[in-house]
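**Q** Got a structure here, written out as C-alpha cells. Questions coming.
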Amino acid sequence: MSYYIAVDIGATNTRIALGSRDGFLDKAVYRTPRSGDEYTVARMIHGVIIEKYGALLDRVKAIGIGTIGPLDLGEGRVVNTPNLPIHSFELRRPLSDWLGKPVYVLNDAVAAVLGEKYYGLGRGYDNILYITISTGIGGGAIVDNHLLLGKKGNAHEVGHIVVEYDSDIPCGCRGYGHWEAYAGGGNIPRTARILAEKHWKGPETRAYREAVMERLTPPELFTLYRSRDSFAEYIVEKIIKATIAGLASAINTYDPEIVTLGGSIYLYNQDVFKDRVKQGVLKHVVTDPPLIETTPLGGDIVLYGALALAANPPRELLALYK
C-alpha cells in the first residue's frame, strides 16, 4: 500500500495524519509553534513525521499541507500571517529536502474544497464552493473542474467581501465592513463592543455588559442568543445578515453547483444559521441557486483536503512550482 501524509496548520493547533487514497489510518494533534524562526514550524512537522511514521517513510508518496495564510504559493511558504507570532515561515522546500518527498502546500480553505471534491459532497460536481465560518472566514472554489488559486495563491479571501460599504466596523485586515469583521469569531468581541458603544439603543443586558468590556466571546454570544438576550439577538442578526450578503456575493461570483459550509462558528450553531442563511441567500443570487449544505467532513475537512492534495496534486498548483 502507498501512503500519504496530510498536515493541517492552524493558528492554535497543527494536525498531522497518515492516510491512503481511501482515508486516514492515523492522526494526531500538536500545538502550533508560536516562537522561533522561519524553519521552526517545518522542523516540528518533520520531527513528528519521523517519530510517528519514519518506519513507513519509504512507502510515503507525498505530503500535502493546508495552512493558514496568506501564502507565496510558488515558494510554498506562509508570508506575514496575522495569526501567528512567527509571521512568515517556510514549508515546501525544507520539508521536501529533509524528507526526500514531494510536498504540496495550499491555503487551508482551498485545500478544504479539494477535500470536499474527493471525500465529501463535492464528488460528481465540477463547480464547488466551500466556505468556512470560524475564527476567520475563508473559502475555496473549483470552477469548471479547475481549482482557483490566483497569482500568489490567495484567490479565495471571501471573508473580505464588503457587506456594508459605509460601516464603522473594522476588520482584522484594517478594512471596514467586511464579512469577516461581522461574522469571524476572532472579530466578534471587538465588533460587539463597537456596536454596544455606538449603535445599541436598548437595555443593558448581560450580553451588552460583556460586550462593552470586549468579553463577549462567540460561545457566550450564542448561548445568550438562545436565552433571548436582546443585545445578543441584535449582534447575531448582524452576523446572519452579513453572512447572507457575503455568501450570496460569493455564489454570484463563482456560480457553483454546490456550496458546503463548515468552520466552528457555523458547525456549532447550525440551528441559528442554516435555515436563515439558505433562505436569505436565495433572495440575492442572480444565477440558478446551488445546493447549500453542511460539509459532512466536519472539523477534519482541511486534513481531508491535505490528503487529497498529496494524492492528487492539482495541475494549477504544479504549474506554479519552479
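**Q** Tell me, which strands (runs of 3 or more DSSP E) wholly within segment 4-75 include 2 or more residues that are over 23 Å from the mean Cα position of the chain (by Cα)?
**A** Working: elements: 13-20, 23-31, 60-67.
Per the criteria, 60-67.
**Q** Suppose we keep only residues that are closer than 28 Å to GLU51 by Cα and not in a helix (DSSP H, G or I) within segment 96-126. Which one would you say is farthest from the chain's Cα centre (by Cα)?
**A** GLY100
**Q** Based on this model, can you work out whether ASN127 counts as polar (S, T, N, Q) and in contact (Cβ under 8 Å) with a residue 12 or more places away in the chain?
**A** yes
**Q** Can you pull out every residue in segment 182-205 that is of a type outside the set (Phe, Trp, Tyr), assigned to a helix (DSSP H, G or I) and in contact (Cβ under 8 Å) with a residue 24 or more places away in the chain?
**A** Once the filter is applied, which keeps residues that are of a type outside the set (Phe, Trp, Tyr), assigned to a helix (DSSP H, G or I) and in contact (Cβ under 8 Å) with a residue 24 or more places away in the chain, segment 182-205 yields ALA183, ILE188, PRO189, ARG190, THR191, ALA192, ILE194, LEU195, ALA196, LYS198.
**Q** Just give me the residues in segment 121-146 being surrounded by fewer than 23 Cβ atoms within 10 Å (Cβ to Cβ) and either farther than 18 Å from TYR266 by Cβ or not assigned by TED's automatic domain parsing to the domain that holds TYR266 (or both), in sequence order.
**A** LEU121, ARG123, GLY124, TYR125, ASP126, ASN127, VAL143, ASP144, ASN145, HIS146
**Q** Mind telling me which of the residues ALA196, ALA207 ends up being over 24 Å from ASP255 (Cα atoms), in the same structural domain as ASN269 (by TED's automatic domain parsing) and touching a Leu at 6+ places or on another chain (Cβ under 6 Å)?
**A** Among ALA196, ALA207, only ALA207 is over 24 Å from ASP255 (Cα atoms), in the same structural domain as ASN269 (by TED's automatic domain parsing) and touching a Leu at 6+ places or on another chain (Cβ under 6 Å).
**Q** Being in contact with a helix residue (DSSP H, G or I) (Cβ under 8 Å, 6 or more places away or on another chain), among the acidic types (Asp, Glu) and part of a helix (DSSP H, G or I) is the filter here; which residues of segment 207-250 pass it?
**A** Within segment 207-250, GLU210, GLU220, GLU233 qualify.
**Q** Answer with yes or no whether GLU257 is in contact (Cβ under 8 Å) with a residue 12 or more places away in the chain, touching a Leu at 6+ places or on another chain (Cβ under 6 Å) and acidic (Asp, Glu). Talk me through it step by step, then tell me what you get.
**A** Working: in contact (Cβ under 8 Å) with a residue 12 or more places away in the chain: yes; touching a Leu at 6+ places or on another chain (Cβ under 6 Å): no; acidic (Asp, Glu): yes.
So GLU257 fails the test.
**Q** Also, I was wondering about something else. What are the residue pairs meeting all of these: first residue in segment 270-291, first residue assigned by TED's automatic domain parsing to the domain that holds PHE222, second residue of a type in the set (Phe, Trp, Tyr), Cβ atoms under 6 Å, and 6 or more apart or on different chains?
**A** Listed by first residue and then by second, the contacts come to PHE273/TYR266.
**Q** Let me ask something else. For residues that are in contact (Cβ under 8 Å) with a residue 40 or more places away in the chain and not in a loop (DSSP other than H, G, I, E, B), scanning just segment 147-160, find the one that is surrounded by the fewest Cβ atoms within 10 Å (Cβ to Cβ).
**A** Applying the filter and picking the extreme gives LEU147.
The values are calculated or read from the model by the stated rules, or taken from the named source; none is laboratory data. Predicted model only: the values in this text are computed from it and were never measured. Using ideal geometry, Cβ is built from the backbone for each residue, glycine included, and neighbour counts are taken over all protein chains shown.
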